[in-house]
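Visitor: Before I ask anything, let me first share the structure, which is written out below as structure tokens.
The values are calculated or read from the model by the stated rules, or taken from the named source; none is laboratory data. Every value quoted in this text rests on a predicted model; they were computed, and no experiment measured them. When we count neighbours, we look across all protein chains shown, and the Cβ atoms used for this are built from the backbone with ideal geometry, even at glycine. What goes into the accessible areas is simple: the full protein's heavy atoms, side chains included, and nothing from ligands, DNA or RNA. Shrake-Rupley method; radii C 1.70, N 1.55, O 1.52, S 1.80 Å.
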Amino acid sequence: MIYFNRPSCSPRPSCFSIISFKFSAQLVMILSKYPYVIQKEILDNMEYTDLFMFSFVSRNMKKLIKSSQLNRFQSISSVQYNCDRTDQPWVYIFPKRIKLMRIVKHEEGGNGYFRLEVCGKIIDFQFRREARNERRHTTYECSHLAATYYPFDKEFTFQSIHNYCLDSFGNSLKFNWEFRHIPRYREIRFYIPFLPQLQNVSFCVDFWLYGDYERTGTMDFTEMRRLEEFFSSSPVLKSIRMFSRSTTELFNPDSKFYQTESIESQQSRIDFPAILSHFQGRQAFINCARCENLDLIEFVNRWKSGEAFQNLEYLQIKLRRVEIPQNQIMDAVGAKHMNASAQPPTHTVPKIYNWRYMNPNTDPIISHAYVVRETDSRVASVQIEDKTLSFGVWDKTEDDFLRMV
């Protein structure tokens, strides 16, 4: 009987870090002699990582894996490319966050390369063993399959690997490309991420918009022109997580930045970025030092009039320094109140993207106060608690909303 061990990030080392790819091909020849029932039983007991690596051996093996593991692959919710400033993304499948492989720069003089054709492109692969830092700052040795690229064909290599994943798992899955600034809190200089042109992929980007005092002599952000060029040349992003302080120039009100589906922003100034004024997406989470009451009032009133924020589902703003005067704001926006004895419905929606792998849903809003949009009678719940204002839009008219109470 043939046994396949688990990847080396788990207690036992992966067979692919031990045996050569040539021997793997020989195993395929042996496996092909068994009846389909036995083949399926063997594949059913392999880890996803080994299945994925095994699929590269031959086209027939890939077809067998796809057909025999169809039900198993349906449990995969998404494929994610996790990238940082090195432009060497890890490839994961979710919801269990299983690592499949990495795409890395080709090292001249490196050992152990073997060539495979992937979606019409010849790519040098190798098995690597390297230290990996996780979110809890633990370090461990991890063996993995790596596809390598040369600088001149980086995007073509990414596209080939992605097309292989599309063919393996199906294009009905969600595919996300996440860029994070790592190492965090040590390298915060402004950096324009590389986003390859990939089919059926949503991009999520982490930005640190701080000044480079050593280079410019100021702590203000001075790279707005380059940043706006990045947005204008990129597809509309699925999610942005942003850290910003002060700037010499604000975003253009028509910037594609404000079209992003979901923005999480920790900022010092309410106008950098001016999400409360120009946001066109669906979800926004703002953590700001302070803002004027008029900024909050204007935001709610512009939504009520139908002038802006037509796509908004949820917005939350947390102030770090001052409390928000609940009565003053509610009176100024003309909030309506349901009967005090009634139990208000709870507003919460799935987050478009979950950066912290924590609560997948927005914080619940349970409030007797609400406002109504003039153009279509849609309702939004408004909740003010201490330093936080939460605003949740319902897909209901006022009459339908009150029937929920």
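Visitor: Answer with yes or no whether F125 is modelled with pLDDT of 80 or more, assigned to a strand (DSSP E or B), touching a Leu at 6+ places or on another chain (Cβ under 9 Å) and aromatic (F, W, Y). Lay out the reasoning, then the answer.
Guide: Details: modelled with pLDDT of 80 or more: yes; assigned to a strand (DSSP E or B): yes; touching a Leu at 6+ places or on another chain (Cβ under 9 Å): yes; aromatic (F, W, Y): yes.
Considered against the rule, which asks whether it is modelled with pLDDT of 80 or more, assigned to a strand (DSSP E or B), touching a Leu at 6+ places or on another chain (Cβ under 9 Å) and aromatic (F, W, Y), F125 comes out as yes.
Visitor: For the range 219-228, which positions are assigned to a loop (DSSP other than H, G, I, E, B) and in contact with a Gly (Cβ under 7 Å, 6 or more places away or on another chain)?
Guide: Quick first cut of the range 219-228, residues assigned to a loop (DSSP other than H, G, I, E, B) only: 219-220, 222-223.
Result: M219, D220, T222.
Visitor: Now for a different question. Output yes when any residue across the range 252-260 is out of contact with any Ser or Thr (no Cβ under 8 Å at 6 or more places or on another chain), farther than 25 Å from L315 by Cβ and not in a strand (DSSP E or B), and no when none is.
Guide: No - not one qualifying residue is present in the range 252-260.
Visitor: While we're here: Only one of (1) modelled with pLDDT under 95; (2) under 22 Å from E261 (Cβ atoms); (3) not charged (D, E, K, R) fails for T218. Which number is that?
Guide: Only one criterion in (1) modelled with pLDDT under 95; (2) under 22 Å from E261 (Cβ atoms); (3) not charged (D, E, K, R) is unmet by T218, namely (2).
Visitor: Inside the range 38-64, can you point out the residues that are without any contact (Cβ under 8 Å) to a residue 24 or more places away in the chain and either surrounded by 20 or more Cβ atoms within 10 Å (Cβ to Cβ) or not in a helix (DSSP H, G or I) (or both)?
Guide: The one that is without any contact (Cβ under 8 Å) to a residue 24 or more places away in the chain and either surrounded by 20 or more Cβ atoms within 10 Å (Cβ to Cβ) or not in a helix (DSSP H, G or I) (or both): L51.
Visitor: Continuing with the same structure: Can you name every residue in the range 229-243 that is open to solvent by less than 30 Å² (accessible area, probe 1.4 Å) and not in a helix (DSSP H, G or I)? Explain how you work it out, then say what you get.
Guide: In the first step, residues of the range 229-243 are kept if they are open to solvent by less than 30 Å² (accessible area, probe 1.4 Å); the result is 230-231, 234, 237-243.
Residues satisfying the conditions are S234, L237, K238, S239, I240, R241, M242, F243.
Visitor: Just wondering, is there one or more residues in the range 209-219 that are surrounded by 13 or more Cβ atoms within 10 Å (Cβ to Cβ), charged (D, E, K, R) and under 24 Å from the mean Cα position of the chain (by Cα)?
Guide: So far as the range 209-219 goes, no, none of its residues is surrounded by 13 or more Cβ atoms within 10 Å (Cβ to Cβ), charged (D, E, K, R) and under 24 Å from the mean Cα position of the chain (by Cα).
Visitor: Something else: So is Q280 open to solvent by 10 Å² or more (accessible area, probe 1.4 Å), under 24 Å from the mean Cα position of the chain (by Cα), modelled with pLDDT of 95 or more and assigned by the TED database to the domain that holds T348 or not? It would help to see each step written out before you state the result.
Guide: Values: open to solvent by 10 Å² or more (accessible area, probe 1.4 Å): yes; under 24 Å from the mean Cα position of the chain (by Cα): yes; modelled with pLDDT of 95 or more: yes; assigned by the TED database to the domain that holds T348: yes.
Spelling it out, Q280 is indeed open to solvent by 10 Å² or more (accessible area, probe 1.4 Å), under 24 Å from the mean Cα position of the chain (by Cα), modelled with pLDDT of 95 or more and assigned by the TED database to the domain that holds T348.
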